[in-house]
1. I'd like to compare 170-179, 105-114: which one has the highest average count of other Cβ atoms within 10 Å, and what's the full order after that?
2. Quick one: check the C-alpha center-to-center distance for the range 115-149 versus the range 51-84, whole angstrom.
3. Pull out a ≥ b ≥ c, the square roots of the eigenvalues of the alpha-carbon gyration tensor of the range 88-137, then state rounded if a/c is under 1.5, prolate if not and a/b is larger than b/c, and oblate in the remaining case.
4. Give me Ile185, Ile32 ranked fewest to most by other Cβ atoms within 10 Å of their Cβ, as a rough exposure proxy.
5. Exceeding 25 Å between C-alpha atoms, which entries from my cross-link table qualify? They are Lys144/Lys182; Lys66/Lys95; Lys144/Lys170; Lys111/Lys144.
Amino acid sequence: MKKIVSLVILVTVLATVQIASACVGKTIHLGISNSPNELLLAEMASLLITERTGSSVKVDVYKDSKELYSAVRKGNVNVIIEKPGRALEVLGKQKAAGSSAFDFVKSEYRKSMNMVWLEPIGGSQQYASVLTVDTLSNYPALPKLLNKLSGVLNNDTYAKLLKTVDSSDKARKVAKDFLKGKKLI
């Protein structure tokens, strides 16, 4: 009986160590083009993910969308903050007649880029989080978590928050205060 109990304890310990080591060092890379709009949204997403899941998030700022999408293709970025207008440019397409730009790029990104658009985050530019399919399969709870931003951020609020941001340090503080105020973290 002692051997069975010892064996069960050993297996449990080894399984726990294996699970814990699988999470160690995993970092979600959130890529953005260099703009104050995207920086504020990226900080909100980063804080939300870190505080609610315990996963590490690194915000990677790229000089332009060409550099950003190159990093996505190489697998260096898991999540991006994107808007439909720029997404159309990236795709090199015009939106289909009768459909919204958001619905069109959502469909096209899934087909041609293996990326999934989440709900629009609000703000006048209608940004959204966009995840690679691999990220979605590795972090299945991420869409539900990131979609929480869509319901709490409207154009007026976002404009006020954006006016207070003048540096990346300030963007993080503004994002943290906002998320705490909305009881999201």
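Derivation of every value follows stated rules applied to the coordinates shown; laboratory data play no part. Bear in mind the structure is a predicted one, so any value in this text is a computation, not a measurement. A quick note on method: Cβ atoms are made from the backbone with ideal geometry, for glycine too, and the neighbour counts reach across all protein chains shown.
1. Output ranking for 170-179, 105-114: 170-179, 105-114.
2. Cα centroid of the range 115-149 versus Cα centroid of the range 51-84: 12 Å apart.
3. oblate
4. The fewest-first ordering by Cβ neighbours comes to Ile185, Ile32.
5. Working: Lys144/Lys182 16 Å; Lys66/Lys95 20 Å; Lys144/Lys170 27 Å; Lys111/Lys144 22 Å.
Over 25 Å Cα-Cα: Lys144/Lys170.
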